Amino acid sequence: LALCNTMLSNIVCLTSICLVWTLTWASTPVTIRGVPSQDKHKFAGPTFKCSDDTVEALPISVLNDDFCDCPDTGADEPGTSACSKGRFFCENPGGVPQFVPSKLVNDGLCDCCDGSDEWEGYTPEGATSCADLSRRGACEADRKRIAKALAHELAVERDATAKVKKPASYFQQKLKDSLTRQRGLEVTWDAIRSALEATKEDLQKSLKKKKQRLESGKSTKAGKVGGPGWAPLHCVEKGSEVPLPKSASEAKFGINSTCLEDGLCPVVCSMLCQDSQVYNGTCLVGHMEPGAEDPKSQTSIAWTSFVFDVDAVRREAYIAQMQGGLSGPSVESLAIPHMVLQQGETVLDEKILRLRQQQKSIIVDAQAVHERRQKLAREVEYLEKFEEGALGPNGVYADLMGECHNLTQEQYVGTTAVTEQWHTFFYEICFFDKVVQQEVEEAKAAAFDESGTALQAEEAPKHELILLGVPLGFAGGSFSAPSIDKPLFFEPGPHVYVFHNGAGCPGGVRRSVAVEFFCGPEPKVLAVKEVRMCAYLAHMAHPGRCDMAKWPKKLAELAVRTLDQAALEASVEAWLQGALPLVQFEDGPLDLDELVNSPPLLAAFTQRVGRFSPQEAPILLTFHDVQHLLAGTLCLFSSAFAALLPLPWEAIYQSLPPQMIAALDAIYSATATAGECLVVAPAHWLQTSYLGTLVASGMEALESARPATRAARLPTELLDVGVFILYLLLLAALAARLCRCSLRWLASRLWKGKQPKTKKKK
């Protein structure tokens, strides 16, 4: 019997041990290298399949045996590099969970921050082992780096969003100011036109008078030559063996020295020395001492040599005759401001020269005023179309009106048999006017001859400005661009501005530009790329593109509430720590350098993480909840009152005296704003006070200490906190009232049973 008892005890003991071991093994997750936890059930049985579509099953023994049995999917070798199409899962605790190609497993490089892809432990000479990197907190360092970049972008977006928000009244006032300036500019324009007409009339009279004097042979008083700014001008004759003049008295012409500052002395030489049969195309301008500008001076002076075009005036006349006009300013219009009275000319010539210079000055002023008129007219046009989106959504790009932003960059233009060809281009985007392009070449360095003497450096050739486009508009809503070939080279949207009808290209194509805006603290052209022939896509930073709504709600709230950058980084990192374990990035390994330096990539990454972040509990009670509840109660009450008393209330209201109607409207308005006067205004005052800071920080500390599984969050905004406290006081008063009534009822019942019976009086 004792033996049987002993054997029975041993059997029971062994059975218990086996049962405990079995239950423990069954409850422990199967460790399969390179497979995420939610997929490990596929390998829990004795067989598995290469994919859900395959019928044939493979024995579990071939899993991670370093031989590829599933060449199409690589499902049997997630933890080795045997399959070219296999994927290895990096769990990366504290970092970014991601899949990487299984060919990267055990290649000596750490593609997983936790080092799990290098499980064999091979480390190239001189490199840090993956195990050491994991122990040093590589995943945590990656998370901190992402959090820092993300906090910076959130702060930029928060500050920029606040900067560009403008009410409709702002644009209405701006339009009013522009119209006022436009009227004032029209008055100036009319005055300039009148002055120009008067000067033109005086000039015609003087020219007519000079012609009459020449025909009649009447002499005219000689004019005074010289004076402030006068300088001698000498044009060298062909085959001249006469030595160069040493003094002003030997010079044949005079000139105003202002041409030296403006670089227009050769133009004046072309005007005064037009005979190609006489002059060789070289002129000299002398330097006179201030106060001693005398044509009769015998003092030796220094000369500056210029090369000029002898036939410039004659060529201009021929081009004007053949083409019906000139495309640019004439030689005479450029030279007139720097010309002076010459030897032998009369006072009438002096008057004619003065009138021509006056006319030129008025024309310059008129051109400047005309450009301002055109610019202001465009500004008024865009402001009038503000509500139609002419200045972007809600007018966020209004500050770009009249501004030009440029960029100089190198870009690839083609490949020769030897090397790639890269040229430098200058781009200028003027809103809302035009876009131009110009190729830029640097001057070649000075060469040296055999003796070591430096030769003159070659000047950089100047390329012409090419018009890339004129305004078409923002590409949002019902955007249409018949002038641009299909398919479009850009993605239409409300934050894309299009310029079209630029200079022509081969095949009859016209150049066009699409400016795509990205979030940035200040307007800046980031890059320009020719995406197809004569079609350019420009990327530009601007605060108008910033929008906090595109970020996960929790991050947006953190950015608005947390102004300290270090605190914001800590909050963002905490959010990432809770959200990243729920995400699996399919296209690893993640390029962390590219991610943290590219705002669009960082935004897309954050939106993807935000979709899997834990959902927060709603706020228990807010001021807007109370407003909505009171409004609904009043609406219900008024509906019930009207139903109980079916009277023509509207007719009764309209029949009241105007004074009574005005009084009722005033009472209604006062009632509507009572909540704002009683609650909102004190809350805004508290927000800037020391007490308000203590209350807000206390509520935030209390909220952060509460468990994550709570059904509702406590409010942290002062306005909501005030309503919440009133709500608690109301509940306390109601509870006290109920408690008091209950105690009184209970006491009355108890006292009633103990009262002595008394005889009733008759």
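The values are calculated or read from the model by the stated rules, or taken from the named source; none is laboratory data. Every value quoted in this text rests on a predicted model; they were computed, and no experiment measured them. Glycine gets a Cβ as well: all are built from the backbone with ideal geometry, and neighbour counts include every protein chain shown. Note: areas computed on protein heavy atoms with side chains; ligands, DNA, RNA excluded. Shrake-Rupley method; radii C 1.70, N 1.55, O 1.52, S 1.80 Å.
Rounded to the nearest 0.05, what FRET efficiency do Lys209 and Lys176 have when you use their Cβ-Cβ distance and R0 = 51 Å?
Efficiency computed from Cβ-Cβ geometry: 0.50.
Taking label points 7 Å from Cα along the Cα-to-Cβ direction, Leu634 and Val187 give a separation of 5.0 nm. Would you mind classifying segment 260-351 by shape? Square roots of the alpha carbon gyration tensor eigenvalues, ordered a ≥ b ≥ c; an a/c under 1.5 is rounded, otherwise it is prolate if a/b is larger than b/c and oblate if not. Verdict is prolate for segment 260-351. A straight Cα-to-Cα reach below 18 Å connects Lys224 with the lysines Lys210, Lys252, Lys296, Lys351, residues fewer than 8 places away in its own chain not being considered.
Beta carbons within 10 angstrom, averaged per residue: use that to sort the peptides 290-302, 468-480, 588-600, highest first. Working shown, then result.
Details: 290-302: 13.2, 468-480: 17.8, 588-600: 15.2.
Put in order of decreasing packing, that is 468-480, 588-600, 290-302.
Based on Cα contacts under 8 Å between residues 6+ apart, segment 60-152 shows a relative contact order of 18 percent. Relative contact order, whole percent, for segment 211-297 stands at 45, derived from Cα pairs under 8 Å and 6 or more residues apart. Extending 7 Å from Cα along the Cβ direction at Thr123 and again at Lys296 yields two label points whose distance is 9.8 nm. Checking the Cα-Cα distances for Lys165/Lys529; Lys218/Lys246; Lys163/Lys553; Lys165/Lys385; Lys148/Lys529; Lys85/Lys529 against a 25 Å cut-off, the pairs over it are Lys165/Lys529; Lys218/Lys246; Lys148/Lys529; Lys85/Lys529. Segment 157-273 has equivalent-ellipsoid semi-axes of 53, 28, 11 Å, by the square roots of 5 times the alpha carbon gyration tensor eigenvalues, sorted largest first. Counted residue by residue at 0.36 nm each, then reduced by the alpha carbon distance between them, the extension gain from Leu645 to Met322 reaches 107.1 nm.
List the relative contact order of segment 244-388 as a percent without decimals, with contacts defined as Cα pairs under 8 Å and 6+ residues apart. Intermediate results must be reported in sequence, preceding the final value.
Details: 137 pairs, mean separation 40.4, N = 145.
Value for segment 244-388: 28 percent.
Full extension of the chain between Leu592 and Ala712 gives 39.6 nm of extra length, using 0.36 nm per residue less the Cα-Cα distance.
Once you have the Cα-Cα distance between Glu388 and Ala662, take 0.36 nm times their residue separation minus that, and quote the gain in nm to one decimal.
Numbers: separation 274, 0.36 × 274 = 98.64 nm, distance 3.65 nm.
Going from the current span to full extension adds 95.0 nm.
When the Cα atoms of segment 38-194 are aligned to their principal axes, the ranges along those axes come out at 99, 45, 30 Å in descending order. The Cα trace of segment 38-79 gives Rg and Dmax of 9.4, 24 Å, the first to one decimal, the second as a whole number.
Per-residue accessible area (protein heavy atoms, 1.4 Å probe) orders Lys211, Lys550 as Lys211, Lys550, starting from the largest.
Just order 740-750, 404-414 by mean Cβ neighbour count inside 10 Å, highest at the front, would you?
404-414, 740-750
Overall, segment 222-333 carries a charge dipole of about 180 debye about its Cα centre when +1 sits on the Cβ of Lys and Arg and -1 on the Cβ of Asp and Glu, all other atoms neutral. Label separation (Lys486 vs Ala701): 6.5 nm, computed from points 7 Å beyond Cα along the C-beta direction.
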